[in-house]
Structure formats: structure tokens, C-alpha cells
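Notes follow the structure.
The values are calculated or read from the model by the stated rules, or taken from the named source; none is laboratory data. None of these values were measured; they are calculated from a predicted model. Note: ideal-geometry Cβ built from the backbone for every residue, glycine included; neighbour counts use all protein chains shown.
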Amino acid sequence: MSMTSEGGHGAVPTGPEVPVEPKASTARRDWPLYEVFVRGKRGLNHVHVGSLHAPDDEMAVHAARDLYTRRNEGVSIWVVRAADITASSPDEKDPMFAPSGDKVYRHPTFYEIPDDVPHM
Amino acid sequence: MSAPTLDRPAAPDEAALQAQFDATIAADHRIEPRDWMPEAYRKGLVRQIAQHAHSEIIGMQPEGDWLLAAPSLRRKAILLAKVQDEAGHGMYLYSAAETLGADRADLTDKLIERKQKYSSIFNYPTLTYADVGVIGWLVDGAAICNQVPLCRSSYGPYARAMIRVCKEESFHQRQGYELLMTMMRGTDAQRAMVQDAVDRWWWPSLMMFGPPDDDSPNSAQSMKWGVKRHGNDELRQRYVDMTVPQAAVLGVTLPDPELALDPETGRYRFGPIDWTEFKQVLAGNGPCNDERIARRRAARDDNAWVTEAATAYAEKHA
Ligand SMILES: [Fe+2]
Ligand SMILES: [Fe+2]
């Protein structure tokens, strides 16, 4: 099972049962797909903003600047080939995250503290 | 499989997947690319997003025709920025379509081969510079009415693309309106030019919302799935209600003798739309359909060497 990024073919063909149009093998005369991440301003994380096609890494950064930061939306850009991203599973409702569901004691609200205890 | 921690239990059956999908929609949560979704949902979305992306791309042409003729450096810079935005909108949307398994180059081919549609509005010519202002005011104005509810579309990547688009559309509409206000303060000839442009674009802008709900084959299902949030007629009515007072401030007359405020509803009644014209334009018989497609085809074919050269360069330096 291939487990890749959100964009492009990588995300969708989770198995032979998922249709892709046209068949992925016949489609690639386009440049490879890159996922783009932008840091909006200093102090914030890079956030996924979308994808684009580019012939190489450097051109992908330039294209990302033109496409996703025309109005000062960013101070830093990451691009990564969509095919190089490994994701948790093809399903967003991932059983991998189920075990954390019953560990309520990891949250501060699990603990009852009298109201008159200050600063807690 | 190399990473044992990622192993999944046996795939749930189709009915369970469908139930999970329905529950996500019912809770007004977003569907994300790697979720299971009904094939009709995927197909319908690809159709709608592709059509939307094509409209942004073809939509560059009518205004692009005025880039070299815009009357000042200021107006040229504004128009260039606006047209560049529309290219960006197309890219955001193709990017969203690709998360559904569509292929970008293939979508462009389908547009050029007329297997997929784009908004009928872009098949009308821009005869004067006032058309640039009227497109910003009316066409982008109508697009805003259509697009704002799509920011809450049930499909995550589409909704996120629309948020990005909507942030930029306000500039489009305002620059158009400001351009028209400037012309309306000018000479009689300039005012006549604005009125003429309004006369030509008003009815096509109403058609941008698509056929009436009872004649819109895909609308009902799209609404059920939360892909669309409002019917065509409701959105069209909102647009009319917003635009009539703007026309009054501008000092132009909207070319509809039946346009009148309904005192009971507080909304504007308007005359019948010529759906025969709409269908003709959509079928490829508008004034500029052939020209628009020919130009898009030329852009693809004449620039193919750039794609190939960059690919060759990348391979050499890999
Ligand atoms: Fe746009
Ligand atoms: Fe626009």
C-alpha cells in the first residue's frame, strides 16, 4: 500500500479499487508534483498551502513564491516532492490514533481540583 | 509492508464506509482526500472543480486583451495583478482537483477538446476599456456571491482553495468599481462607454449562477453532499440585491425595465433571463468560444518546448 501526501496521485490510489483518471501510468507528461509549505510570519510553523508542478526543486520554490505569496503571505517556503512524503495511512480516520482516545488522564481537565486552590 | 505499526485491520465493507461518509457529512465535518467517498461524490467534485479552474484560466483572456491598452501605468499594474490572480485561482483549483485523482495536464486537454466546460461569461468579448471595469464589478461580484459559500464546501481541499480565492476577489471587484467611478466622473463619452458595457454584461452576469434550480440537474445532489451550499436562484437573487444599490451610486441603469424592489420581501424582482442564449453559449456558439479555446490550445502547444527543456535540464542536473 502506498502512503503518500495529500496532493496528486500519491494521495488517492490507495489500492486498485480507487479509480484514477487517466491511468497514472499514461498521465505523466507533466512536471512532478510538489507540496508547498509557507511560514506566514516569524514565530509560526510552516503550514501546508497546496501543491504545484515544477521541473526541479529550485523552480518549485520560485513557482511557490509566485503562486502562494503574492501578498506577503509568507517569509519562508518549503517545497517537497509529493512522492517523497510518507503519511500515516490512506484513511484520515486512522486506527493508529485510536489508542490516544481513551487516555483522558493525559489532559489537565481529567483532574478535579477545588476552586479555591489558586494558580492552577 | 515495511512499517508494521502502520498495519491496518481488514478493510471495512462498503456499507460501513458509506455510513462513515454520511456521518461525516451529517456532522458538517470535512471530507479529506484520503477518506473513502462515494464514486459519484468524487466524480461530481472533479467535474465542478475542473470547470471552476478552467473558468479562472479562460477568464484571463477577456481582460488580458486590455493589458497593453490600459490607459496608464497604474491601471496596467492593477490589471496585470488581477489577471495574475486569476491564473493563481486556476492553479489552486487544479491542485484541489488533483487530490481527487485527476491529472492536471489531462484536465487541460479535456478543456481544449471541449469535453469539460467553463463559465459561459468568458465567451463574450471585451469591446472597450470600460468592460475591464464592468467585469471587475459585475463578473467578479457574481463570482464572489458564488464562491463565498463554497468556503464551507464539504470537501476540505476545495473549501481551502476557495478561502484563498475569496481573499483575493475583493480587490478584483473594488478595482473594477473604482475604475468605473473614475470614468463616470469623466466626459459624456466615457459615461456612455460605461453604460454600454453595463448593458452588455448585466444579463450574462445573471446567467453565471447557472440555470434555475428546477432545471439544474446536479444541484440537488451537490447540496445534499454539502459541496454546494445554496441553490442557483438564491445566489442570483443575493447578487441582484447587492448590485442594484451599487449601480445607483455609480449612476448607471441596469438594462431591465422589470427591475423593482418588492416592498414585501425587501428583495428586487427582475425580468426573465434568456436561457436560450445561455444554452447556445454553453453549447459553444457564443461570440468568442472558438477564440478562447484556440488561444488556450496555442498556449499549451507553443509552450510545450519550455516544459520539455526544463525537464531535460532537471534530468541533466539530477
Ligand atoms: Fe478568480
Ligand atoms: Fe477575480
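A few comments on the model shown:
- Contact map, segment B:102-119: first residue away from every other protein chain (no Cβ under 12 Å), second residue assigned to a loop (DSSP other than H, G, I, E, B), Cβ cut-off under 8 Å, separation 6 or more or different chains; pairs are B:L111/B:Y118; B:Y118/B:G59; B:S119/B:G59; B:S119/B:M208.
- So B:I58, is it crowded, with 17+ Cβ neighbours inside 10 Å and within 12 Å of chain A (Cβ to nearest Cβ): no
- Members of segment B:175-192 found to be over 11 Å from B:G133 (Cβ atoms), part of a helix (DSSP H, G or I) and not hydrophobic (A, V, I, L, M, F, W, C), listed by number: B:D188, B:R191
- Residues in segment B:222-278 that are surrounded by 14 or more Cβ atoms within 10 Å (Cβ to Cβ), over 30 Å from B:D188 (Cα atoms) and among the polar types (S, T, N, Q): B:S222, B:N232, B:Q237.
- Of the residues B:D214, B:D301, the single one that is assigned to a helix (DSSP H, G or I), closer than 26 Å to B:M60 by Cβ and without any contact (Cβ under 8 Å) to a residue 40 or more places away in the chain is B:D301.
- Condition check for A:V79: within 12 Å of chain B (Cβ to nearest Cβ), outside any loop (DSSP other than H, G, I, E, B) and modelled with pLDDT of 90 or more: no
- Scan of segment B:36-77 for residues that are over 20 Å from B:L107 (Cα atoms), among the aliphatic types (A, V, I, L, M) and either assigned to a loop (DSSP other than H, G, I, E, B) or within 15 Å of ligand 1 (Cβ to nearest atom) (or both), ordered by number: B:M37, B:L67, B:L68, B:A69, B:A70
- Whichever residue in segment B:112-169 is more than 16 Å from ligand 2 (Cβ to nearest atom), in a loop (DSSP other than H, G, I, E, B) and of a type in the set (G, A, S) and, among such residues, is surrounded by the fewest Cβ atoms within 10 Å (Cβ to Cβ): B:S154
- In segment B:138-195, the residues that are without any contact (Cβ under 8 Å) to a residue 24 or more places away in the chain and within 16 Å of ligand 1 (Cβ to nearest atom): B:Q147, B:V148, B:C151, B:M162, B:I163, B:C166, B:K167
- Within segment B:156-204, being of a type in the set (S, T, Y) and within 30 Å of A:G50 (Cα to Cα) holds for B:Y158, B:S170.
- Residue match in segment B:252-271 (condition: assigned to a helix (DSSP H, G or I) and in contact (Cβ under 8 Å) with a residue 24 or more places away in the chain): no
- For B:A130, the test of being more than 16 Å from ligand 1 (Cβ to nearest atom), in contact with a strand residue (DSSP E or B) (Cβ under 8 Å, 6 or more places away or on another chain) and hydrophobic (A, V, I, L, M, F, W, C) is failed.
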